[in-house]
């Protein structure tokens, strides 16, 4: 529902912009001076319609990008206005856009995950933004001073975070270098066209740098959408060809109506934006119906596939709720019932034992659902602690585990958590099912390729494991599914002289990993 509310806000903003265009945009102006701001703003609004409709996983990076586009849409229209009220709003938008821009860049570089000093930098940037907005109401000089201070502090905060987390930033930039370089090329061409087409316009380059965050990362955001679920609710009704035909025929019809009625360019843009706002609200309503299961549509689409993935996550939440009810709540009720007899030593021992078991069980479940990767430890140390924890969980098994991993191993989120889960499942299987006495774990990451190998010296045969019933051996089946989704591969082979070896190989891609972040 939260994602639906955000989309409704974007749609309401779209409607308000259409009303603003109809009421006052460049009133009395004709020609290119009236067309340019309408064209740029319309492109941004149409882009919001597409990106937001495809954001089924409620990715905060994509939502914030849409918010930035919405702010820039107003900024473009107001930059060509000369009235006092419009000029006041235009000036007030500048500090807000800078604040949102820096937050978006940081969120993009860290792929929506947490990082040290995030809250501190956000608070500092918010305070400077509020200060600049206060300066707008005082005087031009006060605003210029406070806005300049905001600009300086925001970039200092940004540089500090980038330098402090330079490894993570370097990986993100390396992963997105193609998209960013492509964006730079497109921007350069588009800027030159815009510059020469608007040379005679007043303020045509006013605060142009404020659009850079949108321009620089535009292709990357679209890449996330395309590589993820490049689909929208209406794709469950119409395929791409049908959708394109409907939109093109609607645009042609709108163009003919405006032409025959003697409408201006302004009327054409208003009509086109009205069409896309209607498409947007249809996507929102249909998407809500599909999520609630109220639609009878059964047509296969990527949107439906994404919905199925979300339903799996809901099943996981249900499983967690059942754990709380069946295991945690029952033990708590037992302790509560024994409290009245807590003066008896034997009852005290039972209460202490029950609470200790409950504490251990909860911690184990917490690690299963959301592994804790300690930031003050290296990746190798975290995985070493995991191996020791698994060994302690099976005191009846005396298996010696050898762990081979470099001290400077670096895994970007969420690959560090994924490898954590895979290693835990595979090594736990060794302790549960292997009749051997040794196990070997090897973990490497070179040239953005992760390799995880877990082997033992038991008597298991690879062919039996490969041909095993997936319903009875859900662990291997689940691992295979996760690895395949991340474009990886899993090989089950014999270990010399006996035993099995399970080797997992997967690419560590910053751009592809976005689709697995649940905000």
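The values are calculated or read from the model by the stated rules, or taken from the named source; none is laboratory data. All values derive from a computational prediction rather than experimental measurement. Backbone-built Cβ (ideal geometry, glycine too); neighbour counts: all protein chains shown.
Brief remarks on what is shown
- Those residues of the stretch 417-430 which are touching a helix residue (DSSP H, G or I) at 6+ places or on another chain (Cβ under 9 Å) and surrounded by fewer than 21 Cβ atoms within 10 Å (Cβ to Cβ), in sequence order: 420, 421, 424, 425, 428, 429
- Residue 409 vs. criteria closer than 30 Å to residue 171 by Cα and assigned by TED's automatic domain parsing to the domain that holds residue 478: yes
- Only one of the numbered conditions (1) surrounded by 14 or more Cβ atoms within 10 Å (Cβ to Cβ); (2) in a helix (DSSP H, G or I) is not met by residue 88, and that is (1).
- Residues (at pLDDT below 85, over 28 Å from the mean Cα position of the chain (by Cα) and closer than 28 Å to residue 382 by Cβ) located in the stretch 438-459: 458
- Only one of the listed residues (106, 77, 93) is free of Cβ contacts under 8 Å to residues at least 24 places away in the same chain, assigned by TED's automatic domain parsing to the domain that holds residue 217 and surrounded by 18 or more Cβ atoms within 10 Å (Cβ to Cβ). That residue is 93.
- Residue check, residue 487 exposed (fewer than 14 other Cβ atoms within 10 Å of the Cβ), touching a helix residue (DSSP H, G or I) at 6+ places or on another chain (Cβ under 7 Å), modelled with pLDDT under 85 and within 29 Å of residue 378 (Cβ to Cβ): yes
- No other residue among 413, 446, 381 is under 26 Å from residue 116 (Cβ atoms) and without any contact (Cβ under 8 Å) to a residue 24 or more places away in the chain apart from 381.
- Once the stretch 240-279 is narrowed to residues that are over 20 Å from residue 10 (Cβ atoms) and either touching a residue at least 24 places away in the same chain (Cβ under 8 Å) or not assigned by TED's automatic domain parsing to the domain that holds residue 40 (or both), the residue that is surrounded by the fewest Cβ atoms within 10 Å (Cβ to Cβ) is 264.
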